[in-house]
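Student: So that we are looking at the same thing, I have put the structure below in C-alpha cells.
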2 protein chains.
Amino acid sequence: MQLTEIATPAALIDEARMAANIARLQERMTALGVRLRPHVKTSKCIEVARRQQAAGAVGITVSTLKEAEQFFAAGFDDILYAVCISPDKLDRALMLCRRNCRLTLLTDSVAAAQAIVAKGLAEKHAFDVMIEIDSDGHRSGVEPEDDRLVEIGRVLHAGGARLKGVLTHAGSSYDLDTPEALRQLAEQERRLCVRAGERLRAAGLPCPDISIGSTPTALSAVHLEGVTEVRAGVYVFFDLVMSNVGICRPEDVALSVLTTVIGHQPDKGWVIVDAGWMAMSRDRGTQRQQIDYGYGAVCDAQGRMIDGFVVSGANQEHGIVSHRDGTVAQGIVERFPIGAKLRILPNHACATGTQFDSYHLMPAKGTPHIWPRFQGW
Amino acid sequence: MQLTEIATPAALIDEARMAANIARLQERMTALGVRLRPHVKTSKCIEVARRQQAAGAVGITVSTLKEAEQFFAAGFDDILYAVCISPDKLDRALMLCRRNCRLTLLTDSVAAAQAIVAKGLAEKHAFDVMIEIDSDGHRSGVEPEDDRLVEIGRVLHAGGARLKGVLTHAGSSYDLDTPEALRQLAEQERRLCVRAGERLRAAGLPCPDISIGSTPTALSAVHLEGVTEVRAGVYVFFDLVMSNVGICRPEDVALSVLTTVIGHQPDKGWVIVDAGWMAMSRDRGTQRQQIDYGYGAVCDAQGRMIDGFVVSGANQEHGIVSHRDGTVAQGIVERFPIGAKLRILPNHACATGTQFDSYHLMPAKGTPHIWPRFQGW
C-alpha cells in the first residue's frame with residue numbers, strides 16, 4: 001500500500017514524530033522521578049499504547065469503561081478510570097475487577113463514595129478508589145481544604161474500599177500560552193494535590209498515590225516533589241492547540257488527515273477537499289488562540305506545512321482550503337489539481353482521531369499499515 | 001429494556017417526533033409537486049431511511065461512498081452521491097454500478113468530468129452524472145451563467161456519460177433566521193438551478209432533473225416550478241440550530257443524548273454529567289445564533305426541556321450543566337442527584353448522531369429498541 005492508494009479521508013500517524021513525542025515526555029518524567037500513566041483516550045489504539053508502555057509507561061488512564069475493557073482484553077491490567085463513576089456503572093466496573101483487572105475508580109462526592117462502598121459490601125469486593133481534587137476550578141473535584149475531602153476518604157476507608165490516593169487534572173492549562181504561566185499552573189497542580197494527600201494522611205487515612213497531570217503542565221513542571229505519577233494524553237500526537245499553548249511545534253504533530261482535492265472556486269482562492277468536519281471533527285480549539293487554524297493546517301502529501309493555508313471552512317464532507325489571512329491565492333487550480341493529496345494537521349488530536357475507526361501508520365521507511373482504533377462507549 | 005437500563009451516554013430517537021418531522025416535509029413536497037430524496041448523512045441508519053421511504057420519499061442522497069454501499073446492501077438502489085467525485089473514487093463507484101445500483105455522481109469541473117468520461121470509456125460504462133450549481137456562494141458548484149457549465153455538460157454528454165441534470169444546495173440558509181429571508185433564498189436556489197438547466201437545454205444537452213434543497217429552504221419555498229426533486233437531511237431529527245433558524249421548535253427535536261449525573265460543583269451551580277463533547281460532538285452551531293445553547297439544551301429523562309439549563313462546557317467525557325444566563329442555580333444537588341438521568345438536545349443532529357454506533361428508538365408506547373447506525377468512510 002502506498003500513500004496514494006489510501007482512500008480519503010484517512011487518519012495518518014507519522015511514526016517518527018510519535019516516537020519522538022513519546023520519548024520526550026517519558027524522559028522528562030523519569031528525570032523528575034515519577035511514573036507516567038498515559039491517557040489512552042487520545043489514541044484509543046492498542047498499538048499506540050504498546051509504544052508508550054515499551055518506552056517506560058506504567059499502567060494506563062482511561063475515560064470510559066469501554067476503553068478499560070478494550071485495553072484489558074489486549075493485556076493492559078493496571079487501569080485508572082479517571083472520570084467520576086456513577087452508581088449505574090459499578091456493575092460493569094465490577095466485571096472487570098472480577099477478571100483480575102486492577103481497575104481504579106474515581107469519585108469526588110460523598111454520595112458516589114457511599115454507592116461504591118455499598119456495592120463493594122454487597123458484592124464482597126474492595127474497589128480501588130481515588131478522590132478527585134479540584135486544583136484549578138475548571139471542572140470536577142473537591143478542593144484540598146474542603147471538609148468533604150476527608151469525609152469522602154472516611155466513607156471509602158471505613159466501608160472497605162481501598163483508598164488509593166488523590167488525583168487532579170489542571171485542564172485549564174489548555175487556556176495558557178506562556179512558559180511562566182504554565183510553570184505556575186504546574187506548580188499549583190502539584191502543590192494542591194500533594195496538600196490534599198497530606199490532609200488525608202493527617203486524618204489517619206491511607207494515601208499512597210498522588211496523581212496529577214495534563215500535557216501542558218507535565219511538560220512545564222520544574223519539580224514534582226510528593227507526586228507519584230503523572231497522567232497525560234495528547235502529547236503522544238500533539239496538535240495545533242498544543243502548538244499555540246507553546247509546548248510543541250506544528251512540525252511535531254504526529255496525527256494528520258489525508259485528503260483529496262475535489263474542486264475549486266478560483267475566484268475566491270478556494271480549494272475544496274474531501275476532509276470536512278466529519279473527518280476533522282467540529283473542534284475549533286484554536287479559534288481563541290494566537291493562531292486560528294480554522295479546521296486545520298494544510299500540509300503537502302509528505303506532511304510539510306504549506307505556509308498560510310488552512311481549512312477555513314467545513315461542511316460535513318467538504319473542507320474549504322484557503323489562505324488564513326483572507327487573501328485570494330492565485331494559481332490554485334494548477335497548484336492543487338483535482339485528485340491531489342494533502343494532509344491536514346488537526347486542532348485537537350483527541351477529537352479528530354475519534355472520527356476514524358483506524359489509523360494508517362506511516363513509517364519513516366516502508367509502506368503504511370493499518371492500526372485499528374475504537375469508538376463509542 | 002427500560003430507559004434507566006440504557007448505558008449512558010446514548011443517542012435516543014423520539015419515534016413520535018421523528019414521524020411528525022418526516023410527515024411534515026413529505027406532505028409539503030407532495031403538495032408542491034416534487035419528489036423528496038432524503039439525505040441519509042444525517043441518520044446513517046437503514047431503519048430511519050425506511051421510514052422516510054414508507055412516507056413517500058423517492059431514492060436517497062448520500063455524502064460518502066460508504067453510505068452508498070451500506071444503503072445499497074440494504075435494498076436502496078436509487079442513490080445520489082451529492083459530493084463532487086475525485087478520480088480516485090471512480091473504481092469504488094463503478095463497483096456499485098456493476099451490481100446494478102442506480103448511482104448518480106456529481107461534478108463541478110471540466111477536469112473531473114474528463115476523468116469520469118475517461119473511466120467510463122475505458123470500462124465501457126456510462127456513468128449517471130449531475131452538475132453542481134452554485135446558487136449562494138457558500139461552497140462548491142459552477143454559477144448558472146458560467147461558461148464552464150455548458151463546457152462540463154458537453155464533456156460529459158460527448159464522452160458517453162448520461163447527463164442527468166443539475167443540483168444545488170443553498171447551505172447558507174443555515175445562517176438565516178427570518179421567514180422572509182428564507183423564502184427569498186429558497187426562491188434564489190430554485191431560480192438559479194432552473195436557469196442552469198435551461199442553459200444546458202438551450203445548448204442542446206439533456207437535463208431531465210433539477211435537484212435543489214436544504215432543510216430550511218425546503219420548508220420555506222412557496223413554489224417549486226421547474227424543480228423535479230428536493231433533497232434535505234436534518235429535518236428528520238431537527239436540532240437546536242434549526243430551531244434558531246426558525247423552522248422548528250425545540251419540542252420537535254427527535255434526537256437527544258441520554259446522560260447520567262456524575263457530580264456537582266454546588267458553589268458554581270454546576271451539574272457534571274457523562275455527556276461531554278465525545279457524546280455531543282464539538283459542534284457549537286448555536287454560538288452565533290439568537291440563542292446560544294452551549295453544547296446542548298437540557299431536558300428531563302422524559303424529554304421535557306428544563307428551562308434555562310444548557311451544557312455550558314464540555315470536556316471529552318464531562319459535560320457541565322448550568323444556567324444559560326450565568327446565574328448560580330440553587331439546590332442542584334437535590335434536584336439533579338448523582339445517578340439522575342437527563343436528556344440533552346443537540347445543536348446539530350448530523351454531528352451528534354455520528355458520535356454513536358447505534359440509536360435507541362423510544363416509541364410512544366412500549367420499550368426502547370436498538371437501531372444500528374454506521375460511521376466512517
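Student: Per residue of chain B, what 222 nm ellipticity follows from adding -39500 (n - 2.57) for every DSSP H run with n ≥ 4, rounded to the nearest 500?
Tutor: Taking each H run of at least 4 residues, the total per residue is -9000 deg cm²/dmol.
Student: Go through B:Ala19, B:Leu36, B:Ser63 and say which Cα lies farthest out towards the positive end of the charge dipole of region B:12-107; charges sit on Cβ, +1 for Lys and Arg, -1 for Asp and Glu.
Tutor: Of B:Ala19, B:Leu36, B:Ser63, it is B:Leu36.
Student: Please calculate the 1.4 Å probe accessible area of B:Thr286, with all protein chains present, and give it to the nearest 10 Å².
Tutor: The accessible area comes out at roughly 0 Å².
Student: Under unit Cβ charges (Lys, Arg +1; Asp, Glu -1), what dipole magnitude, rounded to 20 debye, does region A:1-160 have relative to its Cα centre?
Tutor: In debye, rounded to 20, region A:1-160 gives about 520.
Student: Mind grabbing the accessible area of A:Arg284 for me, 1.4 Å probe, Å², rounded to tens?
Tutor: Answer for A:Arg284: close to 60 Å² accessible.
Student: Among the listed pairs A:Lys41/B:Lys268; A:Lys124/A:Lys164; B:Lys44/B:Lys164, which have their C-alpha atoms separated by more than 20 angstrom in this model?
Tutor: In this structure, A:Lys41/B:Lys268; B:Lys44/B:Lys164 exceed 20 Å between Cα atoms.
Student: Kindly state, to the nearest 0.05, the FRET efficiency for B:Val58 paired with B:Asp292, given R0 = 51 Å and r defined as their beta-carbon distance.
Tutor: The computed FRET efficiency comes out at 0.85.
Student: Right, here's the next one. Suppose we consider the axis relating copy A to copy B; can you name the residue of A with the nearest Cβ and state that distance in angstrom as an integer?
Tutor: Per the A/B rotation axis, the closest residue of A reads A:Arg282, 2.
Student: Additional query: If you put a point 7 Å past Cα along the Cβ direction, how far is that point for A:Ile291 from the same point in each other copy, in nm, smallest first?
Tutor: 4.0
Student: Of the heavy-atom accessible surface of chain A (probe 1.4 angstrom), what whole percent is carbon and sulfur?
Tutor: Looking at chain A in its full context, I get 49 percent from C and S.
Student: Okay, moving on. Calculate, for B:Glu123 and B:Asp300, the FRET efficiency according to 1/(1 + (r/R0)^6) with r their C-beta to C-beta distance and R0 60 Å; round to the nearest 0.05.
Tutor: The computed FRET efficiency comes out at 0.60.
Student: Can you give me the accessible area per residue for the protein assembly as shown, using a 1.4 Å probe, in Å²?
Tutor: Dividing the accessible area of the protein assembly as shown by its residue count gives 35 Å².
Student: Considering just Cα atoms, how many Å³ per residue does the convex hull of region A:273-349 enclose?
Tutor: 90 Å³
Student: If you build the convex hull over the alpha carbons only and average its shadow over all orientations, what do you get for the protein assembly as shown? Give it in nm² to one decimal.
Tutor: Mean orientational projected area (the protein assembly as shown, Cα hull): 30.9 nm².
Student: Given an 8 Å cut-off on Cα distances and at least 6 residues of separation, report the relative contact order of region A:221-377 as a percent.
Tutor: Answer for region A:221-377 is 26 percent.
Student: Between copies, how far does the label point of B:Ala16 sit from its twins, in nm, shortest first, when each point is 7 Å from Cα along Cα→Cβ?
Tutor: 6.2
Student: Note down the accessible area of B:Phe356, probe 1.4 Å, to the nearest 10 Å².
Tutor: 10 Å²
Student: Output the residues of region A:122-161 meeting this criterion: accessible area (heavy atoms, 1.4 Å probe) in the chain alone minus accessible area with all protein chains in place is 50 Å² or greater.
Tutor: A:Arg139
Student: Note the buried accessible area between A and B here, summed over both chains, with a 1.4 Å probe, in Å² to the nearest 100.
Tutor: 4400 Å²
Student: How far is A:Pro363 from itself in the other copies, in nm, if each label sits 7 Å out from Cα along the Cα-Cβ line, shortest first?
Tutor: 5.4
The values are calculated or read from the model by the stated rules, or taken from the named source; none is laboratory data. Computed from a predicted model, the values in this text were never measured in an experiment. Glycine also receives a Cβ, built like all others from the backbone with ideal geometry; neighbour counts cover every protein chain displayed. Only protein heavy atoms, including side chains, enter the accessible area calculation; ligands, DNA and RNA are left aside. Shrake-Rupley method; radii C 1.70, N 1.55, O 1.52, S 1.80 Å.
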